[in-house]
Structures are given as C-alpha cells and as structure tokens.
Amino acid sequence: MDKNTKGITVKKIEDMSEWYGQVVTKAALADYSPIRGCMIIRPRGYALWTAIQTFFDKHIKANGVENAYFPMFIPESFFKKEAEHAEGFSPEVAWVEQKSDVEERLALRPTSETIMYDSYSRWIRSWRDLPLKINQWCNIIRWEVKDTKIFLRSREFLWQEGHCVYESEKECDKDTRHYLELYRKVAEELLAVPVLVGTKTKNDTFPGAVRSYAIEAFMPDGKALQMGTSHMLGQGFAKSFDIKYLGRDGGWERPWQNSWGISTRMIGSVVLQHGDDKGLVLPPRMVDKKIAIVPIQVKDADVNKKVLAQAEEIAATLKKYNPILDDRDEYSMGWKFNEHELHGVPLRIEIGPKDLEKGHVVLARRDTGEKAFVPFAEVHDEVRSLLDVIQDDMFNRAKQHMTTNTVHVKSWEDFIQADKDKKLIFAAHCSENDCEEAIKEETEGVTARCVPFKDAKTTDNCVKCGKAAAYNVYFARAY
C-alpha cells in the first residue's frame, strides 16, 4: 500500500457491495482483470487459497484420495452422453472457436465429470480397481451473464473437484456425506465461518445427480452463500460412459459415483463474514504471517537501536508464527498500524522506548482492537493462547449472528416480513418444484438453500401453498 492509497472509504453496514470491492482490492487479495468477469488473484489472496488447499488436501489424502489432472478441453460429444448434465450446464459453457469443420467442437470445462469418466471407463475393469478416488485442483470456466464479483462469482475461478467410484450405493453415499463433513471442517475450523449442513432440494440438485448435499453460510448482509457441494451421482454417469467392472461373482456390474467441490468462493466468505470498516479480519489458522511487530521509533538513534534489538529478539522467539517485523522508517507508526489492520493481520505487537523501560510489549487484537500489556518473558505463551482465543471468538461471533438472525415462520405473511428483515428463514415446504419457483418469483429472489440433516421432519403445512409439507427447509436470498 503506497502513501497515495486511501483506506476503506465506505462503511460495511452502509454499502456492503462497495465495501467488499474496496477491501478485496485495497488489501491486495485480488484485482480486476482486463477480461470482463475474470479476476487476478494476487499473492496475498493466493496465500489464503493455499491455506485452504493444505488443510483440505491433508484430510482427503487420509481418506485414500489421490490428486491428478485432466484436460480443460471437453469434446461436445461427451456432454451429449448425459443429457440432463448437458442441459444443466448449457447456458454456462464457453466453446473454443473451431479452426476446421472436421474437428469436433470443444468446450472449456465448466466441471469435469464427462472428461474424467471417459478415462474411468478404460481404467476400471475389476472390483479390485475400486474404490477409485481421484481429486484435481484446477480452474473452471463458467460463462456467467449475471453481475460478477471477485471470488464470489466470476467467469473463471479455482477449485478442487473430487470424483470417486464405488462398488456399492451405501459406500458411495457414506463417502459423499463424508466429504461434505470435511467441507464443514474447512469452513468452521479454518475459516471460522459457521455453516448449515444439509440436502439441496430436488429443484436445486446438480444436473445428473441423484442427490446433492451442501454447506451454506449466512453473511452479515442477510444473504446465504453456498460454500461447497457434494453430489451422489448414482449410476447414471456410469451408464452414459459405459463404466462397468467384473464383480466379485464374475458378472459385469455398474459402479456408483460421486463428485464434490469447493472453490475460491471460500475466500470471499471470509472477507464478508469477518471484515470491518478498517479492512480484512483474518482467522489466525488461515494466515501464514500471524503477527506484525511494530517498533515505535523516536528521534534518538541509540534508543531506536535498543528498541529494534528487542523487537528482533521477540520476532525470533515467535518464529513459528512467521512474524512481520515492520522496521520501515519511511512510514509513520499510524500508517503501519492502518496497513496491517487493512491486511487483516490477526495480532499486532507494539514496542517503544517506554515499553522497553517497563519490560513489556503491547498486544493488539485485530478482531476486537483490545490491547494488553505483556512482559517480555510471557510473550510467547500469551501469543500462542491469544491466537486460539481469536480464532474461537471469531467463529462464535459469526455463529451468534446466524442464530439470532434465523427465524422459524409458519405463515406466508411472516415469510415475507422475514425476507424484508433480511433473515435466514426456516419454514415447512411441500417439496414441489412449481411451489419453490413461485416463492422465488413472488419474492424476487428468495430460494431454498438446504434441507437440514437435523430437524427436517415437520407436521406443518407448506408455508406457500398450504399443502402437507415434506420437510423443513432454509430459505434466503443468496449470492
């Protein structure tokens, strides 16, 4: 951040859209691309994606998943093999310009089921080849025509997509839900973002899937954000791509499949959920450089040397937290404080001549702004403890926001009022697609987010049409 760069100029509560764009760009997470609808992820933003990759990759490898890579070009004929899948992605597919009339048209992948399952049809021959568990980290192209927003909705984004094959339906569905649980861990344990966990309605099921599961967050502006999905694909793709194997009894059988994915959208959730009017507020577990140490300089050069020496000693003590020792002399103390707050550094340590005399430092929390005086000898233990406290407090505050803004409604009038109040709505629904679409149309945007695994059963009537309800479901406007 140079001296001519202003901080955040709009309050989060007044214009969250403008605030979000400023935070993302001014905190150097990302920048706008010359290609409409695309983004440039800067090193600071990519470091957050790396943290997500590292956390999640460890968990899936423990479950036997291996990483691989497949081409981003997908032949048109592959899409046509699974009609429902092709129809579902048709509006979002970007096609490569054909150089010859004899060459098959190629798409840029909106998802990789088809290109991967063509290979699976050759790789899987026997029950001994199962389960096959493969994941890839890659980019995705979806030709969004709606308003785009960095990290949250763009034409190109980064994600992981897992694609697994099993002998039995039971084993497949168990793993499908297991990966959803891992997504919950990423969101809640790493990002400190609480989520709802459940099943997508039939109307919102992934094209070609039997069932779709999702984690949904609830942002401070009253909108839901889908954070990750896991799909039970059944045997449909296996039939379309002729994936079969010689079973244990010697006969040919069709396997069961799933697919699951999270994306750089998760970075956007952290900005929205935790950020404030000063900029980013990052959960400690997600950040590589967890501390900024700022020596307070005065006009006396000898005193400054002593202060800097103590700051360097503290930095060495806290080496495992990869501290930033901000000894730049061309910036004022206030400027440094503002910059580290904008960047969301979880903890700041201040040390000046008076602190040196008293044998302590000042610890300042980014999330609350609270300060504490800590003796030199206790800095390491206090930092270790405080970083955990900050992580937990950030999650608990976000969880409290979700809880206090969730309302259980039983009438259409209360539903409409809850939407006006920007609440997360819990209501009974008949499960009919037409009724779900009517809710979206009449409210101009409220959609069913997920049917919870817990508390889904109900004896109430549908909040919209009045018919017997099939389940309770969460409704909200969404990104």
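Matching residues to (1) at pLDDT 95 or above; (2) out of contact with any helix residue (DSSP H, G or I) (no Cβ under 7 Å at 6 or more places or on another chain):
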| site | (1), (2) |
| --- | --- |
| Leu387 | yes, no |
| Phe415 | yes, yes |
| Asp419 | yes, no |
| Ala456 | no, yes |
| Val463 | yes, no |
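Which pairs turn up if I take residues in segment 368-384 that are under 16 Å from Leu356 (Cβ atoms) and look for partners that are among the polar types (S, T, N, Q) and in a helix (DSSP H, G or I) with beta carbon separation below 9 Å, at least 6 apart in sequence or on another chain?
So the pair list comes out as Phe376/Gln310; Phe376/Thr317; Val379/Thr317.
Restricting to segment 1-16, and then to whatever is of a type outside the set (D, E, K, R) and surrounded by 15 or more Cβ atoms within 10 Å (Cβ to Cβ), can you tell me which residue is modelled with the lowest pLDDT?
Per the stated criteria, the residue is Met1.
Quick check: is even one residue across segment 378-392 among the hydroxyl-bearing types (Ser, Thr, Tyr) and closer than 20 Å to Glu188 by Cβ?
no
Are any residues in segment 182-201 in contact with a strand residue (DSSP E or B) (Cβ under 9 Å, 6 or more places away or on another chain) and outside any helix (DSSP H, G or I), and if so, which ones?
Leu191, Val193, Pro194, Val195, Leu196, Val197, Gly198, Thr199, Lys200, Thr201
With the requirement that a residue be surrounded by 22 or more Cβ atoms within 10 Å (Cβ to Cβ) and under 18 Å from the mean Cα position of the chain (by Cα), what does segment 17-26 give you?
Tyr20, Val23, Val24, listed by residue number.
With the checklist (1) buried (at least 18 other Cβ atoms within 10 Å of the Cβ); (2) within 19 Å of Arg109 (Cα to Cα); (3) modelled with pLDDT of 95 or more in hand, flag the one item Asn139 doesn't pass.
So the condition that Asn139 fails would be (1).
Quick one: in segment 145-158, of everything that is in contact with a helix residue (DSSP H, G or I) (Cβ under 7 Å, 6 or more places away or on another chain) and in a loop (DSSP other than H, G, I, E, B), which residue is surrounded by the fewest Cβ atoms within 10 Å (Cβ to Cβ)?
Within segment 145-158, the match that is surrounded by the fewest Cβ atoms within 10 Å (Cβ to Cβ) is Leu152.
Quick test for you: out of Arg449, Arg384, pick the one residue that is within 24 Å of Asp221 (Cα to Cα) and out of contact with any Cys (no Cβ under 6 Å at 6 or more places or on another chain).
Arg449
Which of the numbered conditions does Glu181 fail, given that it passes all the others? Conditions: (1) under 26 Å from Ala30 (Cα atoms); (2) surrounded by fewer than 21 Cβ atoms within 10 Å (Cβ to Cβ); (3) within 17 Å of the chain's Cα centre (by Cα).
Every condition holds for Glu181 apart from (1).
Does Gly236 count as in contact with an Asp or Glu (Cβ under 7 Å, 6 or more places away or on another chain) and surrounded by fewer than 23 Cβ atoms within 10 Å (Cβ to Cβ)?
So Gly236 passes the test.
The values are calculated or read from the model by the stated rules, or taken from the named source; none is laboratory data. A quick note: this is a predicted structure, and the numbers were derived from the prediction, not measured. Note: ideal-geometry Cβ built from the backbone for every residue, glycine included; neighbour counts use all protein chains shown.
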